[in-house]
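A short write-up of the structure that comes next.
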Amino acid sequence: MILSEQKPLEDILGYLEGEKTVFILGCNGCAQSSGSGGPVQVEEMKKKLEEAGFTVTGTKVIDFLCEKALVKSGLRGKIDQVAAADSILVMTCGIGVQAVAASVNKVCHPACNTINLGGSRGEWQGSERCNECGQCLLDYTGGICPLTACTKSLVSGACGGASEGKCEISPDHDCGWELIYNRLKAKNQLDKLSALIDALDHNKLMARPEMLDTSRYALEQSDQEVG
Ligand code: SF4
Ligand code: SF4
């Protein structure tokens with residue numbers, strides 16, 4: 001289970017600044033059970049964005065947005081609605097947002113923050129990973145997570161050590177920031193690189209104190225007891 005919560009509406013409206021039309025994508029998996037991106041929240045978000053003056057070209061809730069094959073097949077009947085939108089607002093965890101951004105040639109905005117549950121970090125069978133930082137930065141990075149794609153988890157740009165697209169730590173590893181640069185360039189979003197991003201709040205990388213007594217936290221701990 002990956003826990004997520006919606007970002008403040010003002011953050012989402014900030015991501016959408018300069019756009020007029022948007023397609024909303026929700027997730028029937030963890031985001032639905034988190035109450036952050038299921039059918040109910042997608043409908044609520046549609047109303048809020050319309051009240052804010054946006055045209056919502058369409059909505060879709062897919063079983064698992066972290067599964068790229070499901071994203072592609074789930075959007076097959078929505079191609080015109082997606083094409084008519086300036087961007088897609090993705091209401092799910094960091095893995096799901098990354099999977100959508102890698103599957104659809106469209107600007108993708110994250111509507112949620114993924115929260116640390118105290119157990120193993122967000123992983124899935126695809127290549128996307130999430131460190132559950134609680135302050136999702138994917139809007140600034142073309143939908144590629146800097147905490148997991150960069151070997152040193154740098155969040156404010158590349159270290160300068162990359163060589164021919166490979167990380168200075170290991171030639172077997174693509175430089176995460178070169179991937180981010182190339183994705184932003186392909187989506188005509190290089191201006192995102194000059195955005196002033198708040199320094200990472202490391203408190204948000206930890207499980208919140210109020211979560212320590214919950215059954216979800218206990219389940220995460222038991223998941224880690226292997227052997
Ligand atoms: S920036 Fe990365 S670690 Fe943070 S919530 Fe988004 S995907 Fe997860
Ligand atoms: S070379 Fe790229 S991936 Fe490697 S540590 Fe530097 S910025 Fe991160």
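Structure values in brief
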| quantity | calculated |
| --- | --- |
| Qualifying residues in region 134-159 (those that are assigned to a loop (DSSP other than H, G, I, E, B) and in contact with a Lys or Arg (Cβ under 6 Å, 6 or more places away or on another chain)) - the one farthest from ligand 1 (Cβ to nearest atom) | 142 |
| Test set (1) surrounded by fewer than 13 Cβ atoms within 10 Å (Cβ to Cβ); (2) under 21 Å from residue 133 (Cβ atoms); (3) of a type in the set (Asp, Glu); (4) within 12 Å of ligand 2 (Cβ to nearest atom) - residue 164 fails condition number | (2) |
| Elements of type strands (runs of 3 or more DSSP E) contained in region 1-69, each with 2 or more residues being farther than 26 Å from residue 204 by Cβ | 21-27, 55-62 |
| Which numbered condition residue 199 misses (of (1) over 18 Å from residue 101 (Cα atoms); (2) within 16 Å of ligand 2 (Cβ to nearest atom); (3) among the hydrophobic types (A, V, I, L, M, F, W, C); (4) surrounded by fewer than 20 Cβ atoms within 10 Å (Cβ to Cβ)) | (2) |
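Coordinate-derived values only; no laboratory data. Bear in mind the structure is a predicted one, so any value in this text is a computation, not a measurement. Positions of Cβ are generated from backbone atoms using ideal geometry, with glycine treated the same way; all protein chains shown enter the neighbour counts.
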